[in-house]
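The values are calculated or read from the model by the stated rules, or taken from the named source; none is laboratory data. Just so we're clear, the structure is a prediction, and the values are computed from it rather than from any experiment. A quick note on method: Cβ atoms are made from the backbone with ideal geometry, for glycine too, and the neighbour counts reach across all protein chains shown.
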Amino acid sequence: MSISRKALWTRIPSADRIRPMSKRAAMRVLAGGAHPDDIEILCSGTLFRYKKLGAQISLCVLTDGSAGHRLIAPGPLAAIRKKEAEAAAGFLGAKLFWLGLKDEMLFDDRPTRLKLIEVIRRFGPELIFCHAENDYHQDHRAAFRLCFAASFIASLKNIRTNSKALEKIPRLYQMDTLSGIGSNPEEYVDISDNLKQKLKMLSMHSSQLKWLKEHDHVDILEMVTTQARFRGLQCGQKYAECFSLVRGWGRVPALRLLP
């Protein structure tokens, strides 16, 4: 069961608008994360639900994660983190787009916008998950700005990349913030049946489990479980993830898209 404060709408086939999510045509869902493991932390439970409903899923990791260790040098660490991201995407059954930009140096600039626009056009998502615009990390905030811009520009034919422009603007949802600080969720997705898969997928980023304990003094698996439990309490479920629709002209649906 999922809890929603507001009904949502999308430009899906008219016959599908009256059907429950489980009986609609398969959706195409893109999750964008600033770093390897961000998607797993913030929305992978929901992605497993989409997968069960037959959705096609892609993950886009913007940076190479090369700053996240005390002992491993940036080059070797980036290679390790890419392999971890590939394994995690494989476990979900999703395609991985790896942009490989410099960790801690993500900016909303023209070259990066064009790279993300091409990813969006190539995959053609109906819905994109992105970071919260007020999350704790500067790369997360830059990732939000990039997703906001690229999702709109991807529909403009006069901005050219290798793939053709989209016919419609994808709907954009902000994920939760890390630990929920500053987040004001609008919609919840019950991930009680998917928490174990979420944690297993996150555990595939093994280079980060030790690093996060050393640098941030947290057990990330425990932290993610606690946050999911707290969000579950808010919506009457055991475990949940939460999201907020990015509102703006051309972006506001009137039927729920989340599973």
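Just so you know, in region 94-115 the residues that are of a type outside the set (Ser, Thr, Tyr), touching a residue at least 40 places away in the same chain (Cβ under 8 Å) and touching a strand residue (DSSP E or B) at 6+ places or on another chain (Cβ under 7 Å) include one that is nearest to Asn184 (Cα to Cα), and it is Leu106. Condition first: in a strand (DSSP E or B) and over 15 Å from Gln227 (Cα atoms). Now tell me which residues in region 167-186 satisfy that. Arg171, Leu172, Tyr173, Gln174, listed by residue number. Which of the residues spanning region 51-77 are among the hydrophobic types (A, V, I, L, M, F, W, C) and over 20 Å from the mean Cα position of the chain (by Cα)? Of everything in region 51-77, those that are among the hydrophobic types (A, V, I, L, M, F, W, C) and over 20 Å from the mean Cα position of the chain (by Cα) turn out to be Ala67, Leu71, Ile72, Ala73, Leu77.
The number of residues in region 32-57 being surrounded by 24 or more Cβ atoms within 10 Å (Cβ to Cβ) and among the polar types (S, T, N, Q) comes to 2.
Restricting the search to region 120-129, which residues are touching a strand residue (DSSP E or B) at 6+ places or on another chain (Cβ under 9 Å) and part of a helix (DSSP H, G or I)? Selection gives Ile120, Arg122, Phe123.
In the set (1) under 24 Å from Ser66 (Cβ atoms); (2) surrounded by 20 or more Cβ atoms within 10 Å (Cβ to Cβ), Pro170 fails one condition alone, (1). The test for being in a loop (DSSP other than H, G, I, E, B), among the hydroxyl-bearing types (Ser, Thr, Tyr) and over 21 Å from Ser44 (Cβ atoms) holds for Ser163. Any residue at all in region 203-220 that is closer than 19 Å to Ala88 by Cβ and in contact with a Gly (Cβ under 7 Å, 6 or more places away or on another chain)? Yes, the conditions are met somewhere in region 203-220.
Within region 52-66, does at least one residue satisfy the condition of being more than 22 Å from Phe123 (Cα to Cα) and either of a type in the set (Ser, Thr, Tyr) or at pLDDT below 95 (or both)? Yes - at least one qualifying residue is present in region 52-66. Exactly one residue among Ala132, Ala149, Ala228, Ala142 is part of a loop (DSSP other than H, G, I, E, B) and in contact (Cβ under 8 Å) with a residue 24 or more places away in the chain, and that residue is Ala132.
Residues that are charged (D, E, K, R) and at pLDDT 95 or above were ranked within region 187-210; the one that is nearest to the chain's Cα centre (by Cα) is Lys198. The residue that is farthest from Ile181 (Cα to Cα), counting only those in region 42-54 that are touching a Pro at 6+ places or on another chain (Cβ under 8 Å) and not charged (D, E, K, R), is Leu53.
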